[in-house]
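First comes the structure, then the notes that go with it.
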4 protein chains.
Amino acid sequence: MPLLTEDAKGVYIIAVTPFTDDGAVDWNGVDRMVDFYEEKGVTGLTILGLLGEAPKLTSEESRSIAKRVIDRVAGRLPVVVGVTAPGLAPMRELAESVMDMGASGVMVAPPWTTKTDDQAYAFYASVGDALGKTPWVLQDYPLTTNVTIAPKVIERIVRDVPTCVMLKHEDWPGLSKIGALRASSDKGEVRRISILCGNGGLFLPEEMARGADGAMTGFCYPEMMVGVVENYAKGDVQRAHDIFDAYLPLARYEQQQGIGLASRKYVLAKRGVISSAALRKPGGALSNADIADVERLLARQTKRLQEIGA
Amino acid sequence: MPLLTEDAKGVYIIAVTPFTDDGAVDWNGVDRMVDFYEEKGVTGLTILGLLGEAPKLTSEESRSIAKRVIDRVAGRLPVVVGVTAPGLAPMRELAESVMDMGASGVMVAPPWTTKTDDQAYAFYASVGDALGKTPWVLQDYPLTTNVTIAPKVIERIVRDVPTCVMLKHEDWPGLSKIGALRASSDKGEVRRISILCGNGGLFLPEEMARGADGAMTGFCYPEMMVGVVENYAKGDVQRAHDIFDAYLPLARYEQQQGIGLASRKYVLAKRGVISSAALRKPGGALSNADIADVERLLARQTKRLQEIGA
Amino acid sequence: MPLLTEDAKGVYIIAVTPFTDDGAVDWNGVDRMVDFYEEKGVTGLTILGLLGEAPKLTSEESRSIAKRVIDRVAGRLPVVVGVTAPGLAPMRELAESVMDMGASGVMVAPPWTTKTDDQAYAFYASVGDALGKTPWVLQDYPLTTNVTIAPKVIERIVRDVPTCVMLKHEDWPGLSKIGALRASSDKGEVRRISILCGNGGLFLPEEMARGADGAMTGFCYPEMMVGVVENYAKGDVQRAHDIFDAYLPLARYEQQQGIGLASRKYVLAKRGVISSAALRKPGGALSNADIADVERLLARQTKRLQEIGA
Amino acid sequence: MPLLTEDAKGVYIIAVTPFTDDGAVDWNGVDRMVDFYEEKGVTGLTILGLLGEAPKLTSEESRSIAKRVIDRVAGRLPVVVGVTAPGLAPMRELAESVMDMGASGVMVAPPWTTKTDDQAYAFYASVGDALGKTPWVLQDYPLTTNVTIAPKVIERIVRDVPTCVMLKHEDWPGLSKIGALRASSDKGEVRRISILCGNGGLFLPEEMARGADGAMTGFCYPEMMVGVVENYAKGDVQRAHDIFDAYLPLARYEQQQGIGLASRKYVLAKRGVISSAALRKPGGALSNADIADVERLLARQTKRLQEIGA
């Protein structure tokens, strides 16, 4: 499989982990999910991320899922694997393992003990050393990691560590960060890396306007991200917003902590992608009132998409 | 001015604090702002809240603004004043002062040292003691206070402290909390208090569906909250959502930390309510790219409101 | 190996993870360390804890170290293994694996998403279900987990989950918590479980006075904890304090975040227990000034121990 | 009163706020407390700090206490006043007010929203602007503010803002920070400012060894800090440690969150300095078991001080 590069763009979908109602991994669901994402036009897949249910897997299940996904896409799409760990040794071990399977790159978030600019730089410099030639994504996700990395620190890392090829941008608010990074690469002060944005896609049009290359997030309608990114790429800003606005009420609902993932799986199950909406323990489930909310939003979304011809 | 009661409903707008470009309080702006909110149909005003710029005021400015607002509404609308403080003595002092001016009630958030159910209960029991007969609002805002208060703890407070007449609901996600509280008051297990919702109105339709009585938040178009609440009240759920969806792209933009308040003031200045969009120091300002975002959203919002005839 | 029970008392030492200078696991060091702890009179060993360097191990290294330790003590001492994980599946997998090797019990800390009393109870109820007959330790460590568990919640867990046999007490301050738990078990309201205390032993005499059964912590002189616990057990409070006070200046120094672990390993290496004081990456090292501090404290400690005849 | 300068050294005691049993300010207690601190040899006083009970005062009480303290010391000792506030306007207002009364300087902690190196610098640059000619103390207290300020950021502030004359050092662990700051001022790279250390004095001997100028903390025996600082100043390191070690068991006990302040006031009341050990609401009280702990520690401390002839 080709390695991840600075030129990556489009939509790298954050995959869910499908389980059966009794909590076993739903292996056929994994296959159907990969096929579904590919049909909807995503450019890549990201698995074993910080959130979602990857941390609930045993280490053997994690590797098996990585293998299953990588085998299923069979090189047609790049796969990025989250390898964040408290130490460099387990991080490198998992990275080597998935790169051997055919992953295109790995993703690393900073430890929550990171406080100052120099500490953030030092951590990612040591990540670069540990990962050797493997290309990697800097996951900048302050809401979860509690670590804020200033643009000039990212630039310092990009300058010194050539294997850092992508920023998963999930600062909130972070529009000015994208602008700052693009300004310095436009001036030739620093290498231009790929910037893909998270946060459930909630700020995707504005992120594209600042120079992002696409999205890396898991909203249950990949069509939204694909549509926004494609239309922005060809300059049709209003169309991008039309599509975004049609999906926004549901995307917003899905961004609720906890209930959001249950909502995402409910829709994916309803769309026939996964066979069960169940979360593995510990994990919540939608109440009847939650389901009524989601159904109301889906009905309105369908109607609105028809109105705009999407 | 009439005192706040459990029957409160509608939209209590969280007022901004208007400053001139050089950071002085814009007293005429305070008056215009009050008039504007009243014209747009809000049911009440909330001032000196946790967020916003009230903490940047000197204590004398705080009292002067409270007085100016209370005098301006002249009893036509109830005014709720935030009195959260690290000790009961300064809390009571401010509460007595604003109630003497004619406020309708006060609002209190818990200290961040609150950890267990019993600690949350004990804090609010002592608040009830300290405030005497003054009706007060329990501000439940985990994202800022880092304190989560379970529904059964709120019920215990409501049962024992008769002056607790309202919940400012800002848990996130918190839809199930509204449902739980309404279920127990419907069964007669606990007094029914008013529930007004925050979070910039981002979940207002769903909150109304669970039994909320309205909103207490500061989005720059009070029309949105008023429209959603009124239409829900008369049973026109789809109309409520139509209005909500039209404003949602901007409401979402305004929920960005830091930049959100600058965006809110930019729109209020553009609407002629306040004379300057400036934040008092320390505080940010919109970049040109931010302004381009807001203007794009405003243009689309105007168009969409025309389409739906609102 | 006998299973952990409510009757456990004494000193369960938190073992360090020995590495060579270049970061490999020092297997002979593991053996020497186990022997050393046994010679110094500890009652049990705790491995793979939340802090320390266990999270820097690969999963295979973790299991190998658990096996090495369990084999080395050969049933002479009970071994408790930390199995905290984000999901019940990986927690159960590791627990089954180490119990098969001959561990005496496992230890579980709550996820940081735990906020209310009911959530803490529900988590530990599901832990009890997942672990089957394996006896387990409730790790109460708010400083790291950010979860505070009130005494009455612990009592509710103890009442409903018979396999919860021990509290690793590391609340800070937590003396009143020990007192509350002992009061309710003395009155027969709840089963009496073992309480072993952490926090580097910094409050050990006072914890014993409130009814703790001993210590579970990793200070580089197990002699201190053994001496305090033994003397308290036989009623010689002043002697317990004499011993404690002699070691306190060093114990305090070792409680510094980050530098503390480096200091602990420095002393253990100096004592000939482990061959290298190195921390695995990422991890700090003592500066010359730090070493001067530790040496000064050691010299004074030796002198003071002579004065008190210990 | 003379203004605070970079040459400040010795012990600036953090004063408690004395209340009567029913929660009123104990004005005579304020006077006695000032006299007591002066008799014990402190070099200065710090009032209205972040912790303690100053935040429980009404704003009028705060100013009255500042005035009472400043009048009582009558220029014999410098008084530093905490003026940390969410905005520059209330900070400047309080600073001007207390400097008019005769304070020697003010102290400012950063807002918890400070994340990156540049943000910390920008905040203190604006503090310098806002405070005019008033000398001020940079309060570096990550445990409470959640803001970590790297040595090179402090150096940048010291270089650009001449009115920053002192660091209240309360990082934990922070010994290497003192060393880094002293190394750069020794090389002439940056102005040498005063460094006084907090954390209840728990690391005072080691802090002095790294180049601190003294302590700014509130342990109930100022004699400890005075003794350690004086003996370090004249080169008698062992004597400094002897004194420190004698007080350490109690100093450690006093560092417990919540219960610590109650313990401090208990001892000050027992020593006849304040008339009541009561904390203003909300605030805890010592249990009988806590009092037994403190009394045991006091008895042992008295004995140990006799043994070392202090």
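Brief remarks on what is shown
- The listed residues B:46, C:84 rank as C:84, B:46 when sorted by accessible area, largest first, using a 1.4 Å probe.
- Evaluated at q = 0.04 Å⁻¹: base-10 log I(q)/I(0), Debye formula over Cα of the protein assembly as shown: -0.22
- Karplus 3J(HN,Hα) series, Hz, for the stretch B:31-40 with 6.51 cos²θ - 1.76 cosθ + 1.60 (x for Gly, Pro): 4, 4, 4, 4, 4, 4, 4, 5, 4, 7
- Amide H to amide H distances under 5 Å link residue A:46 with A:13, A:14, A:15, A:80, where only residues 5 or more positions off or on other chains count and H is placed in the peptide plane.
- Area of residue C:42 that stays accessible when all protein chains are in place (1.4 Å probe, Å², to 10): 10
- Relative intensity of the stretch C:10-236 on a log10 scale, I(q)/I(0) at q = 0.07, 0.11, 0.15 Å⁻¹, equals -0.21, -0.52, -1.00, per a Debye sum over C-alpha point scatterers of equal strength in the absence of solvent.
- Pairs of Cα atoms farther than 17 Å apart, the stretch D:46-88, %: 32
- Taking the charge dipole of chain D about its Cα centre, with +1 at Lys and Arg Cβ atoms and -1 at Asp and Glu Cβ atoms, the residue from D:294, D:46, D:194 reaching farthest to the positive side is D:294.
- Average partner coverage of B:82-92, which counts Cβ from other chains inside 10 Å: 5
- Inter-copy label distances at residue A:309 (7 Å, Cα→Cβ; nm, one decimal): 2.4, 9.9, 10.0
- Note on chain C: with a GNM built from Cα contacts shorter than 10 Å, the maximum mean-square fluctuation among C:257, C:139, C:238 falls on C:257.
- Ascending list, in nanometres, of distances separating the residue D:112 label from those of the other copies (7 Å, Cα toward Cβ): 0.2, 1.4, 1.4
- Equivalent-ellipsoid semi-axes of the stretch D:15-64, from the Cα gyration tensor, Å, largest first: 19, 13, 9
- In the elastic network of chain A, a GNM with C-alpha springs shorter than 10 Å, the most mobile of A:170, A:189, A:53 is A:189.
- Amide H contacts under 5 Å for residue A:215, placed H, 5+ residues apart: A:10, A:11, A:12, A:197
- Model label sites at residue A:27 and residue B:186, defined 7 Å from Cα along the beta-carbon direction, differ in position by 4.5 nm.
- Taken per residue, the accessible surface of the protein assembly as shown reaches 35 Å², heavy atoms only and a 1.4 Å probe.
- Whole-Hz ³J(HN,Hα) from phi, Karplus 6.51 cos²θ - 1.76 cosθ + 1.60, for the stretch C:183-194, glycine and proline x: 4, 6, 6, 4, 7, x, 7, 7, 4, 7, 10, 6
- Taking all Cα-Cα distances within the stretch D:196-310, those exceeding 21 Å account for 38%.
- With the convex hull drawn over the C-alpha atoms of the stretch C:244-310, the volume per residue is 82 Å³.
- Counting only heavy atoms of the protein chains and using a 1.4 Å probe, residue D:230 has close to 110 Å² of accessible surface.
- Equivalent ellipsoid dimensions for the stretch D:201-251 as semi-axes, Å, which come from the Cα gyration tensor, largest first: 15, 12, 9
- Nm distances between copies for residue A:68, ranked from closest, using label points 7 Å along Cα→Cβ: 3.4, 6.3, 7.1
- Result for chain A in a Gaussian network model with C-alpha springs under 10 Å: among A:148, A:163, A:58, the largest mean-square fluctuation is at A:58.
- Calculated from backbone phi, Karplus (6.51, -1.76, 1.60) coupling profile of the stretch B:88-105 in Hz, x at Gly/Pro: 5, 5, x, 5, 5, 4, 5, 4, 4, 4, 6, 5, 4, 6, x, 5, 9, x
- Too-long pairs where the Cα-Cα distance tops 28 Å, listed order kept, from A:9/A:177; B:115/D:270; C:168/D:265: B:115/D:270; C:168/D:265
- Considering only chain A, the C-beta nearest to the rotation axis that sends A to D is found at A:117, 2, the distance in whole Å.
- Dipole of chain C [Lys/Arg +1, Asp/Glu -1 at C-beta], most positive-end residue of C:285, C:231, C:84: C:231
The values are calculated or read from the model by the stated rules, or taken from the named source; none is laboratory data. Please read these numbers as outputs of a predicted model, since none were measured by experiment. Positions of Cβ are backbone-derived with ideal geometry, glycine not excepted, and every protein chain shown enters the neighbour counts. We work out accessible area using only protein heavy atoms, side chains counted, and drop any ligands, DNA or RNA first. Shrake-Rupley method; radii C 1.70, N 1.55, O 1.52, S 1.80 Å.
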